[in-house]
1. Got a sec? Which of 78, 112 is modelled with pLDDT under 95 and in the same structural domain as residue 487 (by TED's automatic domain parsing)?
2. Working only within segment 289-303, note down all residues that are touching a helix residue (DSSP H, G or I) at 6+ places or on another chain (Cβ under 8 Å) and assigned to a helix (DSSP H, G or I).
3. Part of a loop (DSSP other than H, G, I, E, B) and touching a helix residue (DSSP H, G or I) at 6+ places or on another chain (Cβ under 9 Å): is that true of residue 157 in this structure?
4. I'd like the full set of residues that are out of contact with any strand residue (DSSP E or B) (no Cβ under 9 Å at 6 or more places or on another chain) and either surrounded by fewer than 18 Cβ atoms within 10 Å (Cβ to Cβ) or modelled with pLDDT of 95 or more (or both), limited to segment 407-439.
5. Please enumerate the residues belonging to segment 97-108 that are at pLDDT below 95 and surrounded by 20 or more Cβ atoms within 10 Å (Cβ to Cβ).
6. Looking at 459, 404, 444 in this structure, which one is touching a strand residue (DSSP E or B) at 6+ places or on another chain (Cβ under 9 Å), outside the structural domain of residue 62 (by TED's automatic domain parsing) and assigned to a helix (DSSP H, G or I)?
7. Tally up the residues in segment 176-187 that are more than 14 Å from residue 111 (Cα to Cα) and either outside any loop (DSSP other than H, G, I, E, B) or out of contact with any helix residue (DSSP H, G or I) (no Cβ under 9 Å at 6 or more places or on another chain) (or both), please.
8. Just to be sure I understand, how many residues within segment 453-482 are on the phi < 0 side of the Ramachandran plot and surrounded by fewer than 17 Cβ atoms within 10 Å (Cβ to Cβ)?
């Protein structure tokens, strides 16, 4: 079986050593994850960018053909991958709903479900930086808990904060019992509360947007035209604010306040880490779709917000001492009604529920809870061998029947037994490779289902992602700052697991374990092997 690493970038090594020659040691690494960002946006709107996204295009190295090379292209697995250099099979973060929720780590001040990285296995860039210099300071902030938590791994001695619907940023007891003074002061400004009753208006005249603004398919048929107004009621407005473009601006403002209070990048000879996950592209993309006027306007705003943030950060830490890297946690597919609008009769959504219900009912007839013994989520068939044994049913035979029935469902591209995927040519067969990269051996998933490109699962009415197909897996990667090439656009295929080893090489760090990714040597101003 050939490996993708050999096909893309040469053999991976267990360690990454040797700082990039001729470049000064940076004092700050800023890693930005834009939730649901796709490379097409740089092509589509790049000429209109004037801020931070434009700067990454012109002053850095931009990879426009990068992939999350795992099957479960969701927020939690993607965020766990980008700074660990490892696939979900190794990080153990395979899906969203069992990513960071943790009842034993309640939120400081309440406001939502407890959260922690206790399921995350292994190490990440933050750990390697701390191993090299225990004084390294780490700040990670996001609208989403998983967006703040997972990029920095299991570390407890860090500032890790996220937004809750009452309009505050907070953390969980995994990290602290109280909020730092700087964050208390930031929350006291009540910026989301002040936005109640205000509207998201177009940034530019309507004639400058090619996309129509009257598509009932968007926003599940309501509020699909500009302007989009937040509720006048404060409690409802602070919750709705999470899906407004200004949420990204707020997150960047909070990150800047934290960077200043923690004196990130202010100590010569020490490199600190600031991780920022911006979630509004995901909210807007889900609600209105990747081809909407709303996503166009939002990205113009995001570009400006990011530019203002980098300018403000440069007043704290010189640009020549700062590295900025950017990527995304997953891609997105358009609404299937858009994808297949010219194909009458095409399957738009896959319904496997009748097949699974029949098998679950057979288990119940034998005295076993079919819902616990057999479950399905985003293409994964979960099966409990002990429950099948108790019911006296041969699990393998039942699964073969399920697989055969699902193969006949319109919209299904393939159904695979996981045990068979290891025999696939994992260079040529991207779907097999991505499923293997996603599934830890003890997950209890013997069977996987892959939808055809552009097809959704039954019941999904928002634009979405989550499949192993290219549209969901493809994202950009960018590096900017001392030691990295300026104005370089790279079209060859690379992977998000390559980000962490590339940053480690730039910082001269030794990862604490073998990585799945390799160093992207063509990102550097003076490439070397």
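1. Answer to the check: 112.
2. 294, 295, 296, 298, 299, 300, 301, 302, 303
3. yes
4. 408, 419, 420, 422, 423, 425, 427, 428, 429, 433, 436, 437
5. Within segment 97-108, none qualify.
6. That would be 404, the only listed residue that is touching a strand residue (DSSP E or B) at 6+ places or on another chain (Cβ under 9 Å), outside the structural domain of residue 62 (by TED's automatic domain parsing) and assigned to a helix (DSSP H, G or I).
7. 8
8. So the count comes out to 6.
The values are calculated or read from the model by the stated rules, or taken from the named source; none is laboratory data. The structure displayed is predicted, hence computed values, not measured ones. Cβ: placed from backbone, ideal geometry, glycine included. Neighbour counts: every protein chain shown.
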